[in-house]
Every structure is written in structure tokens, then in C-alpha cells.
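Enquirer: Handing you this structure, nothing more for now.
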Amino acid sequence: MCATAIGALALSGCSSGDGGETAASSTSSASASSSESATSTTPPATAGPGPDADLATARFPVDLDRALSVAEQTLPGGTVTKIELEFDRSGNAWVWKIDSQQNTDQHEIKVDAVSARVIADDRDQESANPRAVDPRKLTPKDALGKATALVPGSVAEWALEWDDGVQRYTVDVRTSGTDTQDVAVDVDTGTATRK
């Protein structure tokens, strides 16, 4: 499903109440054949939750719906292949990272989670068959709840992407201090497992 379709549909459970989740992972797609350097358009805003926020409860001015809309404006008609929310230490701000692909043109679009500004648009070439993620099937809020039910703690980051033919969330749960446990949540079954 392309970003246009995702942006046009009401993402139940993906409103500003879910905008505060995050994870890190990589897109499952063919290897890149070339890269272009990142273009930083505007420095990120500095307001919002701190770097150690619990993303299961943190709220951001720019929610998932709005971040997807900004990504669609950046690459109209692109297929969203990965969604992530991470703290950018160099800019001292939370950013949505949305991978969107059109034909073989892959964009990693970074959207400031406070101001909605595009702060980077990294480009690569990928295979011509992108597979869309769908955050409506299992919302970030529900996925983070399943992850923290399995491994109690606070959510440090999360990502939604296809991995080995399975659409899943990867959730980093802070268990104590700087220790984290990775939890995978299968979008189709809702099953959470330790990684």
C-alpha cells in the first residue's frame, strides 16, 4: 500500500497518542546499488520528550499520521517500507524515519517529531518491488503493549518493517539502566518473542 493510501486512511490507534513509540531496524530489500548523500534542510527542533523517554507513554506534537503525510509530500506516490521513531543525538531531537520507495528510488525521510520539518532525505537505489508496511493492522501502541507485557520495562525505540517475509515490530525495551532487550512482535499473529 502506498503512502498516499496510508495517509488517506484513518490510522486507527496511530493518532498522536501513538506517536511516541520508536525502534531501530533495517529495511528488508535488495542491496543498494548506489547512494546519494543526505540533504539536511533544517535543523531539528529541540522541544519535546528527552532522549530517555519511555516511548510507550511519551507524546510528540507530530504523530504518525502527520509524519506519513510529510513523507508523502516529500515523495508523492511512494510505498512506505519502514517506519521508525528515534532520538537523533546529533540534533538533540526525536525524528520519524520513514523509508518510502517509488520504483527503484528509495528515500529515508527524517521528519522532526516536534516541528514536522524534513531534516534529511537520504536516497538509495533498491529493487523495484517494494513491500509496504501497514501500521493499521497492529498499531504501534498495541505492539509496544505486547512487547512490554513480555519484557517489563520502558520502550527505548521501535521500528515496523518486513523481515524474512514477516511484517513485524522490533522493540527495544529498557530493563534496567542501560540494559535493553529486543522483542519482535509479529503483526499478523500479535505474538511477541524475545530476540
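Enquirer: Please enumerate the residues belonging to region 168-180 that are more than 18 Å from the chain's Cα centre (by Cα) and either surrounded by fewer than 18 Cβ atoms within 10 Å (Cβ to Cβ) or hydrophobic (A, V, I, L, M, F, W, C) (or both).
Expert: THR175, SER176, GLY177, THR178, ASP179 - these are the residues of region 168-180 that are more than 18 Å from the chain's Cα centre (by Cα) and either surrounded by fewer than 18 Cβ atoms within 10 Å (Cβ to Cβ) or hydrophobic (A, V, I, L, M, F, W, C) (or both).
Enquirer: Test TRP158 against the criterion of being touching a Phe, Trp or Tyr at 6+ places or on another chain (Cβ under 9 Å), in the same structural domain as VAL70 (by TED's automatic domain parsing) and assigned to a strand (DSSP E or B), and give yes or no.
Expert: Answer is no for this residue.
Enquirer: Continuing with this model, one more query. Among the candidates THR81, THR104, single out the residue that is at pLDDT 95 or above and among the polar types (S, T, N, Q).
Expert: Numbers: THR104 fails: at pLDDT 95 or above.
Result: THR81 is the single residue among THR81, THR104 that is at pLDDT 95 or above and among the polar types (S, T, N, Q).
Enquirer: In the set GLY153, GLY165, which member is surrounded by fewer than 18 Cβ atoms within 10 Å (Cβ to Cβ) and of a type in the set (Gly, Ala, Ser)?
Expert: After applying the criteria, what remains is GLY165.
Enquirer: Further question: Pick from SER154, SER176: which is in contact with a strand residue (DSSP E or B) (Cβ under 6 Å, 6 or more places away or on another chain) and among the hydroxyl-bearing types (Ser, Thr, Tyr)?
Expert: So the residue among SER154, SER176 that is in contact with a strand residue (DSSP E or B) (Cβ under 6 Å, 6 or more places away or on another chain) and among the hydroxyl-bearing types (Ser, Thr, Tyr) is SER154.
Enquirer: Would you mind telling me which numbered condition in (1) touching an Asp or Glu at 6+ places or on another chain (Cβ under 7 Å); (2) free of Cβ contacts under 8 Å to residues at least 60 places away in the same chain VAL173 fails?
Expert: Here VAL173 clears every test but (1).
The values are calculated or read from the model by the stated rules, or taken from the named source; none is laboratory data. These numbers come from a predicted model, not from an experiment. Positions of Cβ are generated from backbone atoms using ideal geometry, with glycine treated the same way; all protein chains shown enter the neighbour counts.
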